[in-house]
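Chemist: Please read through the structure below; I'll follow up with questions.
The values are calculated or read from the model by the stated rules, or taken from the named source; none is laboratory data. Bear in mind that the values here come from a model prediction, so they are computed numbers and not experimental data. Note that each Cβ is placed from the backbone with ideal geometry, even for glycine, and that neighbours are counted across all protein chains shown. Note: accessible area is taken over every heavy atom of the protein model, side chains too, but ligands, DNA and RNA are not part of it. Shrake-Rupley method; radii C 1.70, N 1.55, O 1.52, S 1.80 Å.
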Amino acid sequence: MGAAVALAIAACGDNTNEGSSAGESNTSTETETESTNGAPTSQGPNATSGVTDPGASMTGTSATDATAGTTASTESSATELTVTEATVTDSSSTNDTLEETTGDPTIGATTGDPTIGETTGDPTTGGESTSGTDTDTDTDTDTDTDTDTDTDTDTDTDTGNNEGLWLLTVHDLTTPTTLWRIDIETGEGLQLCELNVSHNFNTSTFSRENILYGANASTKDLEIIDPCTCERTVVGPTGVQQLPGITADQLFGLYGLETSQDIFVDINTDNGMATFIGNLGVNWGTGGLTWSDVLNDTYAINGTDDKLYVIDHVTGMANELVQTNYNFGSVGIEYHSATQQLFACSNDGDLLEVNPDTGEVTSIGPMGLAGGIKCDNLAAPFEGVACVDNP
């Protein structure tokens, strides 16, 4: 076995000097020997020089990785060793490649990137294999196409910048009684529908649930009025005589201004009954009442002295806020939560705006109510009502 190995070493030594590349040693002696299990193994040209062979992943003169190559050995074996002469390719345009095939096609010498195998240029792409009759072509095409098309189309067609930007008034100078929509920018009125009675409704309001309520002064009942059809639903008797002002409270009920006794009341929306809260402390004539979320209390106008008051919803006490510059007869008043404006109406039939800081009252425009111009109630919605938004 020693003679056969010597011949093989001589042959490989001559060829490696012709085809060595920049990354290889021209003085290296390639030693092929038999592994301890009898299988032929291949060593790179640096195996005996103490230089790491990248293909075999060895350090120093001894390599322990059995899959990449075995330690060069001079130990004799009775098993006959068949050596396949290495093939050397001399190329001037690419890296020189030396590959020895010793029976295991997965083992070869590299001059580029040891993680790729044999390379002839760019170690990241690999190269052409020259390993005898056993060609192992490993084409790993990893096409990771991450197409994340995030189309966030926010189509917010706001057809209702005017949703709820209106007031309603129940007009009882017509026969039958009618319901009108009032434009808060111009004051212009539009009749929506007719009630099935000719009764006097001297106050109206929307609840937090956007239900339109009216106090029927003719029957002393609390009623619900459908703003789309004017259909009436009687809730029940209020139990009081004069109720010129009702308004939503901070929850889901109603407050009321009772002027025959000058008291502030709570109104049950289930049965219509008014319950005493407290005395106003002021002689009240005509008037109106409205809740303000900004104030967190109620505004009221007294037609007797033309003053704007704040009524404490806990005690019922009326506290003067400011003297207005307007001579009120009948009184309608409503705070619009969407615009935070305080509106009013009276005998002249104009839509008015009241400045709560100065008491100045400004006419927005005539409402044009049919049958008579006097107005004594206004109601602002807490949200839009489709049939009123687009009548």
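Chemist: Roughly speaking, what is the stretch gain from Thr174 to Asn355, that is 0.36 nm per residue apart minus the C-alpha to C-alpha distance, in nm to one decimal? Intermediate values should be presented prior to the final figure.
Modeler: On the way: separation 181, 0.36 × 181 = 65.16 nm, distance 3.09 nm.
Going from the current span to full extension adds 62.1 nm.
Chemist: Still on this model: What are the residues whose amide H is under 5 Å from the amide H of Leu192, where those residues sit 5 or more places off or on another chain and H is modelled from the backbone?
Modeler: Leu179, Trp180, Arg181
Chemist: Right, next: Let me see the pair-distance distribution of the range 241-285: every alpha carbon pair, 5 Å bin width, integer percents in order.
Modeler: P(r) over the range 241-285, rounded to whole percents: 5, 25, 33, 23, 10, 3.
Chemist: Give me the mean projected area, in nm² to one decimal, of the convex hull enclosing the Cα positions of the range 291-363.
Modeler: Here the figure is 4.6 nm², rounded to one decimal.
Chemist: Please list the non-local residues whose amide H lies under 5 Å from the amide H of Gln341, H modeled 1.01 Å from N, same-chain partners needing a gap of 5 or more.
Modeler: It is His336, by chain and number.
Chemist: Please give the FRET efficiency for Asn268 paired with Asn210, using the beta carbon to beta carbon distance and R0 = 22 Å, rounded to the nearest 0.05. Spell out each step's value before the answer.
Modeler: Working: r = 19 Å, r/R0 = 0.84.
Once rounded, the FRET efficiency stands at 0.75.
Chemist: Averaged over all directions, how much area does the convex hull of the C-alpha atoms of the range 253-387 cover when projected, in nm²?
Modeler: Computed as one quarter of the Cα hull surface, the answer is 8.9 nm².
Chemist: Using the Kirkwood radius over Cα pairs, work out the Stokes-Einstein diffusion coefficient for the range 207-306 at 4 °C and 1.567 mPa s, in µm²/s as a whole number.
Modeler: The diffusion coefficient I find is 94 µm²/s.
Chemist: Just the number please: accessible area per residue for the range 284-362, 1.4 Å probe, all protein chains included, in Å².
Modeler: Here the per-residue accessible area is 37 Å².
Chemist: If amide hydrogens are placed 1.01 Å from N in the peptide plane, which non-local residues have theirs closer than 5 Å to the one on Asp297?
Modeler: Under 5 Å from the amide H of Asp297 lie the amide H atoms of Ser292, each far enough along the sequence or on another chain.
Chemist: Can I ask one more? What is the distance in Å between the Cα centroid of the range 243-294 and that of the range 317-383?
Modeler: Cα centres, the range 243-294 to the range 317-383: 17 Å.
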